[in-house]
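Below is one structure; the comments refer to it alone.
Please treat every number below as a calculation from the coordinates, not as lab data. Computed from a predicted model, the values in this text were never measured in an experiment. Quick reminder, even Gly has a Cβ in these numbers, built from the backbone with ideal geometry, and neighbours come from all protein chains shown.
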Amino acid sequence: MRRTASLVLLACAVFCAALSPLLRWYAFPRLARIPANQYQDMVLEARDATLLDYGTMRAKKVPKVTIVQTLKGDVEAAGKIGRTAGRPVVVWDSLSYVQGPDGRMVSKVPERYIFDAHSQDPVHATGEMVDGDPVRREGIEFKWPFLTQRRDYEYFDAQTRTSSPIHYRGTRTFRGLTVYYFEQTVPWTKVPMPRTMPVQGITPESVARTGTTRWYTTVRRFWVEPVTGAPVYGEEIHQEELRGGTLLGGRAKVTAFAGHVKMREDYIGHTVALVKHNRTLVLALTSYVPRASLALGLLLLALALWLEARTRRPQHPEPTQPGEREPLNA
Amino acid sequence: MRALIAAATGLALALALVLTISALGSPSGRTSPKPLLTTVPAHP
């Protein structure tokens, strides 16, 4: 009976001990994925910003500029590209819609971002674009990989259509979460005009004919929760200028937009709560369950060995033979 | 010999469980019918 119990315990011990590395290194990369059907919106605001008035072609101070960013997963496209690429893929269609203080559109830039559902490595396929221009992304955009490391990453900048390092600048605490702080500076760079201009009748082509060009610089900051790789807060110190050409009436340059763009407070709270929830799920796969399973496996193994040892120990001392008794001496 | 069989059974069960869970994965669902926003939402 004890022998059977120790064998069952041994089987359970091996089961638990094997489950630990299998969950961490086999199941985790296959289960921790960005859902293909994700839909997410984000509101950012720049208070006391500078905005170009296209009527007068002069920059003016405005109380607030709002940026609405939406990400929407295209499940059908993800399935098609994933089958070709041979790995799970996420296709995000995004729109950055900028609205002035009067509620009128300032700019809107659509993007299609295709990436590996687990590693966040970019996947190159037809349709990858920024504002209608085909692009070939290197590095990450919007989100960091699961189990983010304390190192620099290549980050794609949609305005310049290029990637450059976003630097790890240290570990911080943000609303009770341990986060990694990243910063990227994009120097003044000539960038394309948005395809959709804020004034009817003005097109990128008509602006290009005047010789006026658009320039941009930004300092991008992200506070990233490292287990999920999700940014819980982001800021940009963003500046845009129009330079040269006949459109500016002899002036060398005019500010098109300048502002310190920050996430809206209610969205920060919502994002932090969501990330805290997802963090627990990822930790369950990478830490909680593998560690508990390994500990249980070792405990069961010790119990099995102890039972086995007891089974092998003789139960009663062997009786001594009568012939072996020592002779009595008178 | 019986100990070896018991250990192999435990290992096989662990492999079967993890392979099944991984193969099932998470459902991909459908593309959201909600549009890309061009208005400022009141709340998340």
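How high is the FRET efficiency between A:Lys80 and B:His43 when r is their beta carbon distance and R₀ equals 35 Å, given to the nearest 0.05?
The pair A:Lys80/B:His43 has a calculated efficiency of 0.50.
Can you tally the net charge around B:Gly25? Count Lys and Arg as +1, Asp and Glu as -1, for every other residue whose Cβ sits under 10 Å from the Cβ of B:Gly25.
Every neighbour counted, the sum reads +2.
With r as the distance between the Cβ atoms of B:Ala8 and A:Ser287 and R0 = 35 Å, compute the FRET efficiency 1/(1 + (r/R0)^6) and round to 0.05.
Rounded to the nearest 0.05, the efficiency is 0.80.
Give the relative contact order (percent, whole number) for chain A; include only Cα pairs under 8 Å separated by 6+ residues.
20 percent
Using only the alpha carbon atoms of chain A, find the Kirkwood hydrodynamic radius as the inverse mean reciprocal pair distance, in angstroms to one decimal. Please list the in-between numbers first.
Details: mean 1/r = 0.0416 Å⁻¹.
Evaluated on chain A, it is 24.0 Å.
What distance in nm lies between label points placed 7 Å from Cα along the C-beta direction at B:Lys34 and A:Leu303?
It is 4.7 nm.
Quote to one decimal, in nm, the extra length available between A:Thr171 and A:Ile202 on full extension: 0.36 nm per residue of separation minus the C-alpha distance between them.
Working it through step by step, the gained length comes to 6.6 nm.
Can you compute the FRET efficiency between A:Val8 and A:Thr126 using 1/(1 + (r/R0)^6), with r the Cβ-Cβ distance and R0 = 45 Å? Round to the nearest 0.05.
0.20
Which of the pairs A:Lys80/A:Lys262; A:Lys276/B:Lys34; A:Lys60/A:Lys108; A:Lys60/A:Lys190; A:Lys190/A:Lys276 have their Cα atoms more than 30 Å apart in this structure?
Correct reply: A:Lys80/A:Lys262; A:Lys190/A:Lys276.
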